[in-house]
Structure formats: structure tokens, C-alpha cells
Amino acid sequence: MVALKNIIVIFLNIIAILLMLAGCSKDNNLPFTTIGKGFNLSGVDREKEKKIISQQEEWDDFFMNWPRWEIDQFNEIVIDYDKYQIIAVIDETRPDTGWSINITQMTEHSDKIILTVQVKKSDGRAFFLEIQPYHIVKIPKTTKSIEFKLIY
């Protein structure tokens, strides 16, 4: 009877340890909201960049010289920076309209957040018009470092 009790205690401890390890290694996908997405920045003279915006002044500076027609298509432009941050990814200038850039996933780890960004050329017909794709999202405010994982 004592041996069976010891086996049960050992078995329960092993299960508890496995559950703890599974909980520690699990990554969480976090929600994000697209604020703006497009490709018509040609002529704005923007560099390819990945930007984290945490204050209104940074947001204002970021949009200096942007075409008004692009900003007018955004879902929102007034952000509560006590609750949210903005992540913007701007691709390099491309020679045709077949290119896109998309933030596809935001994964929280214990020490950082990884944003997966897909840069893609479509197989379909493209117009030979110089473009610069971008994707801007709103995320919950965080103190964790943010890393970008680019997929081509």
C-alpha cells in the first residue's frame, strides 16, 4: 500500500512538472489592428524602415510629407498612447505594383515580442509603376523589446 502511494505521488509530481514546462514554453499570439496599408508612397522619399511609435510627436513626425490621400484611407489617426503603440513597416521602393508587405503575426515570448512581416511579389500581372508598400498596425502598449522577423 505504501509503495502504491509513493508511485502515485511520483506520477502526480511528474505530471505537474510537465504541465509547468508546457506552460512556460508556450508562445502567445497577440492581437493587432491595421491602421493603414498601401503602396502609394513613391515620390515621398522614404527609406525602408521598421518603426515603433509610442508618442504623438513621433506619430506627427512620421507622417510629415506623406501623401494626404494615403492618410485619408487610414482606419484611425488619433491614438491613445497610454494604451497602445504603433508599428510601421515600410518596404523599399519597388519597380512595379506586384509587391506587398504584411505584418502577419505578433507572438509574445517571455522576454520579447516577435512581429512576422511578409514581403511578397505576386505571381499575377503587375503594372510598371514605382511603389513603396507599407503596413501600419496598432498594438497594446508593451515594455518588452520588439523584434521583426522578415519572410521573403
Val117: passes all of (1) within 19 Å of Thr34 (Cβ to Cβ); (2) hydrophobic (A, V, I, L, M, F, W, C); (3) surrounded by 11 or more Cβ atoms within 10 Å (Cβ to Cβ); (4) over 11 Å from the mean Cα position of the chain (by Cα) but (4)
Residues of region 120-143 classified as surrounded by 12 or more Cβ atoms within 10 Å (Cβ to Cβ) and free of Cβ contacts under 8 Å to residues at least 40 places away in the same chain, total: 3
Just to verify a result, which residue in region 44-81, among those that are at pLDDT 90 or above and of a type in the set (Phe, Trp, Tyr), is surrounded by the most Cβ atoms within 10 Å (Cβ to Cβ)? Trp59
When the residues of region 135-152 are narrowed to those that are in a strand (DSSP E or B) and either in contact with an Asp or Glu (Cβ under 7 Å, 6 or more places away or on another chain) or of a type in the set (A, V, I, L, M) (or both), which ends up nearest to Ser54 (Cα to Cα)? Ile139
Note on region 82-98: residues within 16 Å of Glu49 (Cβ to Cβ) and either at pLDDT 95 or above or surrounded by 15 or more Cβ atoms within 10 Å (Cβ to Cβ) (or both) are Gln85, Ile86, Ile87, Ala88, Val89, Ile90, Asp91, Thr93, Arg94
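The values are calculated or read from the model by the stated rules, or taken from the named source; none is laboratory data. Note that the structure is a prediction, hence the values are computed from the model and not measured. All Cβ positions, glycine included, derive from the backbone under ideal geometry; neighbour counts span all protein chains shown.
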